[in-house]
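Encoded as structure tokens, the structure appears first; notes follow it.
The values are calculated or read from the model by the stated rules, or taken from the named source; none is laboratory data. Everything numeric in this text was worked out from a predicted model, so none of it was measured. Every residue, glycine among them, receives a Cβ derived from its backbone with ideal geometry; neighbour counts consider all protein chains shown.
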Amino acid sequence: MADVILKGLNKRFGDTQAVSGLNLAIRDGEFIVLLGPTGAGKTTTLRLIAGLERPDSGRIEIAGRNVAGEAPAERDVAFVFQQYSLYPHMTVYENLAFPLKAPARQLANDEIDRRVREIARMVRIDHKLENRATRLSGGEMQRVAIGRALVRRPAIYLMDEPLSSLDAKLRGELRLELKRIQKELGSTLLYVTHDQMEAMTMADRIGILAEGKLMQVGTPREIYGNPSSLHVAARLGQPHINLLPADLLPGGNPPAGTKTVGARTEHLDIVAGEDANARVDWIEHLGDQNHLHIRVRDHKLVTLADPYLAVRPGDRIKLTLRDPLYFDAGGQRLG
Amino acid sequence: MSSANSAHSVVEPSLTSKRVAGAIVILYALITLIPLVWIFLTSIKSPPDSISYPPKIVFTPTLEGYCNLLTTRTRQTPEYIASLPAPTGTCDEVTRKRNMVIAGPSNFLPRFVNSLVIAFGSTFLAVLLGTLAAYGFSRFRVPLADDLLFFILSTRMMPPIAVAIPIYLMYRELGLSDTAIGMILLYTAVNVSLAVWLLKGFIDEIPREYEEAAMIDGYTRLQAFRKVVLPQATTGIAATAIFCLIFAWNEYAFAALLTSGEAQTAPPFIPTIIGEGGQDWPAVAAGTTIFLVPILVFTILLRKQLLRGITFGAVRK
């Protein structure tokens, strides 16, 4: 395990600037999640670190050495791909042993065997070692894929949406397992996803990526509670943050220059009845909570509400802001 | 794909249409098989039976054709033959009945070996070069790749025999006439374009993530190619090999033009088998029958790959 430092990284594909002036320092043993929509440059960043792409400019340092001229095999990284993660012509065992059998590594067979079995237990696939890789369920395949990365002790693990092709339940389970394993091994891990839940639950720090630029890096709490820009605020929170004109709702204290107010559920107080300034359009019942769709003049808001809150569609309510987020005309955070 | 979309293709065909299709297939098989059966029957007829008219369907089978194919014989007086010790094999016996003795082996076996060496040699080379070129075209940004691929394909657009005279002259100058290496090079040159195009399709289908994973896992590109790409390309390589082999094995025109002795292959040799008083048809038929065997075995062994090679591009994985 080692520190990985990216400095001023640029990569262009034709007319698209995939990665633009990217700076990021990943500390030893840290779990960093890059969060961003499709095309934000997440995968390109991973591929640049792995050596599958060459940067147009910038530096990549792994454990203090500049790896610019090194082939992927020399960089001492492990990669979990989103798809096509296993070699289809090999068994689970052969897949797990493949990185260890690389001619450059020269490990003894019993050492390889010991490590394969240890990792197989860790990712809970030891009962299927002799199965062909193609005869596994989706979840088992991704567990093997993660295992194939873990079987080595590289400087950094790079994971490109490894859970995105799985169903929600499995994704939840593997999320927990991955975090447990990472803690157990003390691994340095750079994980890419567009799923905010994965980012929030697993990351030590989250990096928000948009159009090839790193918008903000911080702990999940910082990114959620203290976003530096409108874009970052919009990436996190379920339901989506409500973006409103500065003077729409009372209760705020907008600093000079405020163009937009960002209000999540926790920034909104709802009182039924008196002094109503809003109307409930309809309510989505999710079971443990409700989504309230609210109309204020011609603006629509969505917020979570306690299922016991006594409101019905058509009811008039009073909506007040409580310490919301303020943004200027350029989308930068104020105050 | 939803089941509704593909419903028309999974409906069981009706019994009548199955029967009609079956009848057509059987009829077609009969039509194509009759010449082959005829050749085989001729190969086990005696020379008089083979040219009798009307043709004989019922006859006493004999191995004379095979004996004549594999040996050279000289005519002897009955007294001399009677003075010889008892015949040591079937061929001895058959030959003596015609008042002849075996003088030695014929040229068939060396010609057959030439065919094997040249056909398999050129197939190996064409598939090897084709695989490497196809991998390059598939994975790397080759300058002018499309034009190069078109150029490679365009070499198939003229009938090979159109360049017979230039090649004949070049080969004479280079000392490649009537050499196995010359024929291997020639057949490789003809086949390599087919190999590149077929194999590029197969390699394009293998996701490049596999090699990238292997390269990150500590392998060089060449090692990744060998351990990850090749095993997954075996189907395509087998199909390509069959096509190349069939061409090289059956090729007649260049073989007749460029080989006459040392490197002569079986196709130009077989028609030159002359018996006493004309063409020795059973021997010719025996040569043809033996000549068919390797391709038959090879094709049966790899028939699944061949089928996939033929329907290649039409079937999505």
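Does at least one position in the range A:101-113 carry a residue that is surrounded by 14 or more Cβ atoms within 10 Å (Cβ to Cβ), within 28 Å of the chain's Cα centre (by Cα), within 10 Å of another protein chain (Cβ to nearest Cβ) and at pLDDT 90 or above?
The answer is no; no qualifying residue exists.
Please go through the range A:22-49 and give me each residue that is farther than 14 Å from A:Thr188 by Cβ, more than 17 Å from the chain's Cα centre (by Cα) and within 14 Å of chain B (Cβ to nearest Cβ), ordered by number.
A:Leu48
Which number in (1) surrounded by 15 or more Cβ atoms within 10 Å (Cβ to Cβ); (2) farther than 12 Å from A:Leu321 by Cα marks the one condition that A:Gly257 misses?
Of the numbered conditions (1) surrounded by 15 or more Cβ atoms within 10 Å (Cβ to Cβ); (2) farther than 12 Å from A:Leu321 by Cα, the odd one out for A:Gly257 is (1).
For the range A:181-262, give me every one of the helices (runs of 4 or more DSSP H) that falls completely inside it and has 1 or more residues that are among the acidic types (Asp, Glu).
By residue number, A:196-202, A:220-225.
Picking from A:Glu94, A:Glu140, which residue would you name as being within 11 Å of chain B (Cβ to nearest Cβ) and not in a loop (DSSP other than H, G, I, E, B)?
None of the other options fit; the residue is A:Glu94.
Got a sec? Which helices (runs of 4 or more DSSP H) wholly within the range B:60-115 have at least 2 residues that are modelled with pLDDT of 85 or more and closer than 20 Å to B:Ile39 by Cβ?
B:64-70
Condition first: facing chain B (nearest Cβ under 9 Å), in a loop (DSSP other than H, G, I, E, B) and out of contact with any strand residue (DSSP E or B) (no Cβ under 8 Å at 6 or more places or on another chain). Now tell me which residues in the range A:53-85 satisfy that.
Of everything in the range A:53-85, those that are facing chain B (nearest Cβ under 9 Å), in a loop (DSSP other than H, G, I, E, B) and out of contact with any strand residue (DSSP E or B) (no Cβ under 8 Å at 6 or more places or on another chain) turn out to be A:Ala71, A:Gln83, A:Tyr84, A:Ser85.
Please go through the range A:230-239 and give me each residue that is within 14 Å of A:Thr260 (Cβ to Cβ) and surrounded by fewer than 18 Cβ atoms within 10 Å (Cβ to Cβ), ordered by number.
A:Ala234
Which one of these does B:Tyr187 not meet: (1) without any contact (Cβ under 8 Å) to a residue 24 or more places away in the chain; (2) under 25 Å from the mean Cα position of the chain (by Cα)?
(1)
Tally the residues that are at the interface with chain A (Cβ under 7 Å from one of its Cβ atoms), part of a helix (DSSP H, G or I), crowded, with 20+ Cβ neighbours inside 10 Å and of a type in the set (Asp, Glu), restricting the search to the range B:208-239.
1
Across the range B:262-292, which residue is modelled with the highest pLDDT among those that are of a type in the set (A, V, I, L, M) and not in a helix (DSSP H, G or I)?
Step by step, filter the range B:262-292, then rank; the result is B:Ala263.
Give B:Arg75, B:Arg96, B:Arg156 a once-over and let me know the one that is surrounded by fewer than 20 Cβ atoms within 10 Å (Cβ to Cβ), under 30 Å from B:Leu198 (Cα atoms) and charged (D, E, K, R).
B:Arg156
Let me spell it out: the conditions are (1) under 23 Å from the mean Cα position of the chain (by Cα); (2) part of a loop (DSSP other than H, G, I, E, B), and B:Trp38 meets all of them except one. Which number is the exception?
Tallying (1) under 23 Å from the mean Cα position of the chain (by Cα); (2) part of a loop (DSSP other than H, G, I, E, B), B:Trp38 fails exactly one: (2).
Within the range A:119-133, track down each residue that is loosely packed, with under 15 Cβ neighbours inside 10 Å, in a helix (DSSP H, G or I) and either more than 28 Å from the chain's Cα centre (by Cα) or within 9 Å of another protein chain (Cβ to nearest Cβ) (or both).
Passing the criteria: only A:His127.
For the range A:276-335, enumerate the residues that are more than 28 Å from A:Gly257 (Cβ to Cβ), over 27 Å from the mean Cα position of the chain (by Cα) and touching a residue at least 40 places away in the same chain (Cβ under 8 Å).
Matches in the range A:276-335: A:Ala276, A:Val311, A:Asp315, A:Arg316, A:Ile317.
Quick check on B:Glu173: is it of a type in the set (Asp, Glu) and either on the phi > 0 side of the Ramachandran plot or not assigned by TED's automatic domain parsing to the domain that holds B:Glu262 (or both)?
no
Search the range A:309-323 for residues being in contact with a strand residue (DSSP E or B) (Cβ under 8 Å, 6 or more places away or on another chain) and not in a strand (DSSP E or B), and hand back the single one that is farthest from A:Leu243 (Cα to Cα).
Top of the filtered list is A:Ala310.
Only one residue in A:Ser137, A:Ser85 is among the hydroxyl-bearing types (Ser, Thr, Tyr) and surrounded by fewer than 19 Cβ atoms within 10 Å (Cβ to Cβ). Which one?
Only one candidate passes the filter, namely A:Ser137.
Could you identify the single residue in B:Leu144, B:Leu153, B:Leu148 that is at positive phi, modelled with pLDDT under 95 and assigned by TED's automatic domain parsing to the domain that holds B:Ser260?
B:Leu144
Exactly one of these conditions fails for A:Tyr157: (1) part of a loop (DSSP other than H, G, I, E, B); (2) of a type outside the set (A, V, I, L, M); (3) closer than 23 Å to A:Thr43 by Cα. Give me its number.
In the conditions (1) part of a loop (DSSP other than H, G, I, E, B); (2) of a type outside the set (A, V, I, L, M); (3) closer than 23 Å to A:Thr43 by Cα, A:Tyr157 misses (1) alone.
Can you tell me which residue within the range A:12-47, out of those that are in a loop (DSSP other than H, G, I, E, B) and small (Gly, Ala, Ser), is nearest to A:Tyr157 (Cα to Cα)?
By that ranking, first place goes to A:Gly29.
Pairs under 7 Å by beta carbon, first residue in contact (Cβ under 8 Å) with a residue 60 or more places away in the chain in the range A:80-101, partner crowded, with 17+ Cβ neighbours inside 10 Å and assigned to a loop (DSSP other than H, G, I, E, B), six or more apart or different chains?
A:Val80/A:Pro162; A:Gln82/A:Glu161; A:Gln82/A:Pro162
Against the definition (assigned by TED's automatic domain parsing to the domain that holds A:Leu48, surrounded by 15 or more Cβ atoms within 10 Å (Cβ to Cβ) and not acidic (Asp, Glu)), how does A:Leu176 come out, yes or no?
Answer is no for this residue.
Just to verify a result, which residue in the range A:275-289, among those that are aliphatic (A, V, I, L, M) and closer than 20 Å to A:Leu248 by Cα, is surrounded by the fewest Cβ atoms within 10 Å (Cβ to Cβ)?
My answer is A:Ala276.
Are any residues in the range A:1-49 of a type in the set (S, T, N, Q) and out of contact with any strand residue (DSSP E or B) (no Cβ under 7 Å at 6 or more places or on another chain), and if so, which ones?
Passing the criteria: A:Thr16, A:Gln17, A:Thr38.
May I ask you to say which residue of A:Asn131, A:Asn95 is closer than 22 Å to B:Pro231 by Cα and at pLDDT 90 or above?
Unique residue meeting the criteria: A:Asn95.
Look at A:Ser20 and say whether it is modelled with pLDDT of 90 or more and loosely packed, with under 15 Cβ neighbours inside 10 Å.
no
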